[in-house]
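Reviewing the structure listed below.
The values are calculated or read from the model by the stated rules, or taken from the named source; none is laboratory data. Since the model is a prediction, treat every value here as computed from it, not as a measurement. Here the Cβ positions follow ideal geometry from the backbone for every residue, glycine too, while neighbour counts run over all protein chains shown.
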There are 2 protein chains.
Amino acid sequence: MQQLERKKCFNGRQDVWQHASEVLNCTMRFGVFIPERAQHERCPVLFWLSGLTCNEQNFMLKAGAQRYADEHGLILVMPDTSPRGDGVADDAAYNLGQGAGFYVNATQSPWRTHFNMYEYIVHELPALIHSHFPTNGRQSISGHSMGGHGALICALKHPERYFSVSAFAPIVAPTQVPWGQKAFQAYLGDDTSAWREWDACELVKIKGFPRAILIDQGTADEFLDSQLKPSLFVTACQAAGVALNLRLQPEYDHSYYFISTFIGEHMAFHAHALRQMN
Amino acid sequence: MQQLERKKCFNGRQDVWQHASEVLNCTMRFGVFIPERAQHERCPVLFWLSGLTCNEQNFMLKAGAQRYADEHGLILVMPDTSPRGDGVADDAAYNLGQGAGFYVNATQSPWRTHFNMYEYIVHELPALIHSHFPTNGRQSISGHSMGGHGALICALKHPERYFSVSAFAPIVAPTQVPWGQKAFQAYLGDDTSAWREWDACELVKIKGFPRAILIDQGTADEFLDSQLKPSLFVTACQAAGVALNLRLQPEYDHSYYFISTFIGEHMAFHAHALRQMN
């Protein structure tokens, strides 16, 4: 692991690290915020998954989350959204290839060599984080848009690994919307039955979820009707008897201005869950 | 005036506007945050001046100031750092020309046609803001680095116009450091006696200042010894009997991570000053 950035921020430390990922077959970067409290005690971790076109920098720079992370004593981990590099498959479109990993494990050529973001986020990266940083082993997950989809499927597939999950404007039904269908066809192939295990609406119907899920969604979001469709997740959670707190936020759009407004409440939600007694 | 962006943020509204500037002879953009309170009452204004290479976007996106602006009921105005456009003189260097106006009125060719940022910030832009937005006529000013220099000289030259002034890592003595000397020679010419009226250390010695000035400075700032030299301003304020609150912040650097950490305290400082009875 190589440290690329180290910045003092809200009494804590905003780092960027680079490492060789085995499951992604390339060099990866992630941002990590270490709160001041971590100097004295081991702290829980919140993973943040960003959306299309983002890398590890966007949330670090724009969300203003460090203030809350320091207040709550949370270690914040902000990975990139896909494998990267000259040897990694890519596409000219913003919604496929580098910057658009969709947090699945690709089975199709040319993507399967590198595009195993699910494996990276759920296994390789947490192992690295818990062994290199002063964590207490507890973790939660959140994300935005494509990253909201990522957070939901990680938590739904592994509820024992995440104390809580939340999302901002998530893609809840990738098998039913253009962004998800395009990516899943490329990464997972034409057999749509293989897509279901990467779709939050499908997963929650099969597996349920033992804790409340928090979702914020702006009503002026330009992708609301075409790509996000939160009502599909409401229907699925209702059928599965899952506690969902979907908050429609009037006039807010899909931008980081929306995220920055409500990230404090999401971090309080995760901090509360992560502090519960086992 | 033409509205380019309108985003809901922290209950308020984060806009970007474009207008034809008479004193700069070009089209200019500025960001403005309107707090929720402005729907019910007229609010005071805080002008923010950014540093080298920045435009109206940097502070909007990275400082996290909207939260505090909404809490305190402050209208935040974030101008660009120089005139812009194809017809505007420029230089290949990052520290001269577009993105580097230094908040002076240029007297030298080819700069004097457009580079009148002082006139713009002190007269033209406030007139526009107070006539188009629900302000109560009161205003304060703050800024970072080159913009900290700008904030200081605006307030020192016109103490009756600004209820308070603060700065992050300001260039306090541009006549004595490389960034300032290069810009002042280009914009103001070889006669260094003409430089003094644009130098905060010189101004405070001559004019004093009737209120306390707040400055935050990171001790790990990469420009501290070469370009910023806050001790020069301490000496000047001491000689002039001016109340200076210079806070050296250990380990913080020159970045927006530093600004975001302390912007809340600066906004509380300005809000307090702007609420005083006349």
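A few remarks follow.
- Count of the range B:210-228 residues which are touching a helix residue (DSSP H, G or I) at 6+ places or on another chain (Cβ under 6 Å) and either among the charged types (D, E, K, R) or not in a strand (DSSP E or B) (or both): 2
- Filtering the range B:228-256 to residues that are within 22 Å of B:C54 (Cα to Cα), touching a Gly at 6+ places or on another chain (Cβ under 8 Å) and not aromatic (F, W, Y) leaves B:D253, B:H254.
- Applying the criterion of being within 11 Å of another protein chain (Cβ to nearest Cβ) and of a type in the set (F, W, Y) to the residues of the range B:212-270, the residue that is farthest from B:Q139 (Cα to Cα) is B:Y252.
- Residue match in the range A:119-137 (condition: without any contact (Cβ under 8 Å) to a residue 12 or more places away in the chain, more than 14 Å from chain B (Cβ to nearest Cβ) and of a type in the set (A, V, I, L, M, F, W, C)): yes
- Leading residue by the ranking (farthest from the other protein chains (Cβ to nearest Cβ)) among those in the range A:52-96 that are of a type in the set (S, T, Y) and under 25 Å from A:H19 (Cβ atoms): A:S82
- Only a single item in (1) surrounded by fewer than 16 Cβ atoms within 10 Å (Cβ to Cβ); (2) over 26 Å from B:F115 (Cα atoms) is not met by B:F258, and it is number (1).
- Unmet requirement for A:V32, which otherwise passes all of (1) farther than 21 Å from A:D86 by Cα; (2) within 12 Å of another protein chain (Cβ to nearest Cβ); (3) of a type outside the set (G, A, S): (2)
- One residue alone among A:R13, A:R6 is part of a strand (DSSP E or B), of a type outside the set (F, W, Y), facing another protein chain (nearest Cβ under 10 Å) and surrounded by fewer than 19 Cβ atoms within 10 Å (Cβ to Cβ), and that residue is A:R6.
- Set side by side, the residues A:Y68, A:Y94 differ, and just one is at pLDDT 95 or above, in contact with a strand residue (DSSP E or B) (Cβ under 8 Å, 6 or more places away or on another chain) and hydroxyl-bearing (S, T, Y), which is A:Y94.
- Scanning the range A:189-199 for residues that are in a helix (DSSP H, G or I) and surrounded by fewer than 22 Cβ atoms within 10 Å (Cβ to Cβ) yields A:T192, A:S193, A:A194, A:R196, A:E197.
- Residue list for the range B:136-167, filter: of a type in the set (A, V, I, L, M) and part of a helix (DSSP H, G or I): B:M146, B:A151, B:L152, B:I153, B:A155, B:L156
- The test for being surrounded by fewer than 22 Cβ atoms within 10 Å (Cβ to Cβ) and hydrophobic (A, V, I, L, M, F, W, C) holds for B:L224.
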